[in-house]
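The values are calculated or read from the model by the stated rules, or taken from the named source; none is laboratory data. What you see is a predicted model; the values in this text were computed from it and never measured. Quick reminder, even Gly has a Cβ in these numbers, built from the backbone with ideal geometry, and neighbours come from all protein chains shown.
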Amino acid sequence: MATVREGNKGVLVVVDVQVGVMRDSWDAPRVIGKVARTVERARAQNVPVVWVQHSSDALPEGSAAWNWVPELVPAPGELRVHKRHPSSFEATPLEAELAALGASHITLAGAQTNWCMRATAYAALERGYDLTLVKDAHTTEPLVLGNGTRVEAASMVDDLNVAMTWLSYPGRTTGTATAEEAGFGAAGGAAPS
């Protein structure tokens, strides 16, 4: 069993909202706006924002496709984590950086829902963090399977939102909240009324 993180110290983790990732993503302008709003709210509440940026053959580090979308700019002093695998924890310093911040609750927004967002969400829970998925601030591209079946992006977004609503891990909370509701540490994810 994972070591459950003590306390209620929240962080916002923004995953892969990069030019090349968002180019063909479903409803990208709206989702980028929701991610930007979540970042704005986190900063206003002095919640640390952690920026996770993917690189690969299709997203070479330093390329135009690798850069953050113009609407999102990490502020000076905000942590940046570079990764090469779907999970933001795999072969990165993310876990050590979160420990240094005393984080126990991750609020998660970004792309791509069915790959990096899902892998990061499960990895966070497996490492003992409480998790809130910002349900209107993540997206992906449609997926065409080898047999010609097409899985729509909206369906994958809905699937992860449902999973994070119903998933249960001992000693941890999971939940979803909108960009306007996210509580950055509140049980289940929504800000207290």
Handout entry: Selection count where residues are under 26 Å from ALA2 (Cβ atoms) and either among the charged types (D, E, K, R) or touching a residue at least 60 places away in the same chain (Cβ under 8 Å) (or both), scope segment 158-170
Key = 3
Practice task
Check whether at least one residue in segment 100-114 is in a helix (DSSP H, G or I) and under 10 Å from the mean Cα position of the chain (by Cα), and report yes or no.
Solution key: yes
Practice task
Check off (1) in a loop (DSSP other than H, G, I, E, B); (2) aliphatic (A, V, I, L, M); (3) modelled with pLDDT of 95 or more for ALA186 and give me the number that stays unchecked.
Solution key: (3)
Practice task
Within segment 132-177, track down each residue that is small (Gly, Ala, Ser) and more than 17 Å from ALA28 (Cβ to Cβ).
Solution key: GLY146, GLY148, ALA163, SER168, GLY171, GLY175, ALA177
Exercise for the section: Return a yes/no flag: does segment 145-152 have any residue that is among the hydrophobic types (A, V, I, L, M, F, W, C), at pLDDT below 95 and either within 22 Å of MET22 (Cβ to Cβ) or surrounded by fewer than 15 Cβ atoms within 10 Å (Cβ to Cβ) (or both). Expected result: yes
Fill in the blank from the handout: How many residues of segment 44-65 are part of a loop (DSSP other than H, G, I, E, B), buried (at least 20 other Cβ atoms within 10 Å of the Cβ) and in contact with a Ser or Thr (Cβ under 9 Å, 6 or more places away or on another chain)? The answer is 1
Exercise for the section: Would you please name the residue that is farthest from VAL35 (Cα to Cα), looking only at residues in segment 106-115 that are crowded, with 24+ Cβ neighbours inside 10 Å and hydrophobic (A, V, I, L, M, F, W, C)? Expected result: ILE106
Exercise for the section: Could you pull out the residue among LEU101, LEU125, LEU131 that is under 21 Å from GLY7 (Cβ atoms), touching a residue at least 60 places away in the same chain (Cβ under 8 Å) and surrounded by 19 or more Cβ atoms within 10 Å (Cβ to Cβ)? Expected result: LEU125
Completion exercise
By residue number, the members of segment 1-43 that are assigned to a helix (DSSP H, G or I), farther than 19 Å from MET156 by Cα and basic (Lys, Arg) are ARG37, ARG41, ARG43
Problem - Given (1) more than 16 Å from the chain's Cα centre (by Cα); (2) closer than 16 Å to PRO48 by Cβ; (3) not β-branched (Val, Ile, Thr), index of the condition ARG80 fails - result: (1)
Completion exercise
Flagged in segment 115-157 as of a type in the set (Val, Ile, Thr) and in a loop (DSSP other than H, G, I, E, B), in numbering order, are THR140, THR149
Exercise for the section: Mind listing just one residue for me: the one in segment 40-89 that is free of Cβ contacts under 8 Å to residues at least 40 places away in the same chain and of a type in the set (Gly, Ala, Ser) and, of those, farthest from ALA100 (Cα to Cα)? Expected result: ALA58
